[in-house]
Amino acid sequence: MTDDAAECACPDTYPAWDGRDLDLGGTLVHTLPIPTFFHMPVGYESYLQRQQAVVEALELEEEWPRFILTRTGFFRGSVTRLLKVADSPARNIHVLPTPYNVHVVLHHGNVSTARRVLHEMQFALVEQGRVPKELYMSHLTCPRCSERKGGDKIMLIRRWEENATMKKRLSKER
């Protein structure tokens with residue numbers, strides 16, 4: 001293994017969720033709160049290393065190693081790892097509520113080029129009578145290895161909820 005590969009935080013494998021709607025309800029996760037400033041994570045790498053150390057210390061297995069869901073906000077955000085089923089009383093480990101519906105799109109490009117894809121994703125959800133909620137991003141390539149792995153890739157994961165009123169209104173319009 002090269003030094004670059006050892007330092008790389010990119011997942012070796014990731015789920016084939018592109019273009020799918022999934023229910024992640026009941027999935028065990030480790031979520032670590034992170035500070036953000038205007039949606040920009042502060043000390044992101046150190047929080048990823050801290051989370052990795054905690055997951056290893058608790059001897060928890062990840063569903064897809066180094067597959068990290070990042071959620072940002074104005075001043076707060078989180079990094080989340082999907083875990084295999086385990087019994088652990090540790091902090092920051094919880095089960096996602098049921099239903100936890102998400103729509104996933106694999107974006108070939110970086111964050112600055114994701115705007116159009118995010119807009120299309122959100123529009124498609126609203127047209128189906130779904131209310132978009134949190135947005136998670138999973139960087140599948142880092143700047144060090146993106147060229148070797150076929151360019152920048154980001155998995156965009158948008159949680160959504162059904163809305164009966166919105167569906168009724170949309171069906172009347174059609």
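Each reported figure results from applying straightforward, stated rules to the coordinates on display, with no laboratory input. Quantities reported herein were computed from a predicted structural model and do not represent experimental measurements. Note that we place each Cβ from the backbone using ideal geometry, even for glycine, and neighbour counts take in every protein chain shown.
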What residues qualify as long-range amide H neighbours of E134, i.e. H under 5 Å apart, gap of 5 or more or another chain, H built at 1.01 Å from N?
R159
How large is the direction-averaged shadow of the alpha-carbon convex hull of the range 96-166, in nm²?
5.4
To make sure I understand the rule: partners must be aspartates and glutamates, Cα under 12 Å from the Cα of K133, and not fewer than 8 residues away in the same chain. Which ones qualify?
E161, E162
I need the calculated FRET efficiency for the pair F75 and R148, taking r as the beta carbon distance and R₀ as 25 Å, to the nearest 0.05.
0.10
Label-point separation (nm) for S88 and D12, each offset 7 Å from Cα along Cα-to-Cβ?
1.9
When the scattering of the range 15-173 is computed by the Debye formula from its Cα atoms alone, each counted once and equally, what is log10 I(q)/I(0) at q = 0.12, 0.16, 0.19 Å⁻¹?
-0.58, -1.00, -1.33
Sequence-distant or interchain residues sharing an amide H contact under 5 Å with L60, placed H: which?
none
Stretched out fully, how many nm does the piece from R50 to R169 gain, at 0.36 nm a residue minus the Cα gap?
38.2 nm
Leaving out same-chain residues fewer than 8 places away, which aspartates and glutamates sit with a Cα under 20 Å from that of K168?
E127
What ranking, highest mean first, results for peptides 162-170, 122-130 when packing means the other Cβ atoms within 10 Å averaged over each residue?
122-130, 162-170
Just to check I understand the Karplus step: with θ = phi - 60° and J = 6.51 cos²θ - 1.76 cosθ + 1.60, what whole-Hz values come out for the range 52-61, glycine and proline as x?
4, 5, 5, 4, 5, 5, 7, 6, 8, 9
Distance from the Cα centre of the range 55-77 to that of the range 129-174, in angstrom?
18
If we sort 20-27, 104-111 on the protection proxy, mean other Cβ atoms within 10 Å, highest first, what's the order?
104-111, 20-27
Provide the FRET efficiency to the nearest 0.05 for the Q128-H108 pair, computing r from the beta carbons and using R0 = 30 Å.
0.80
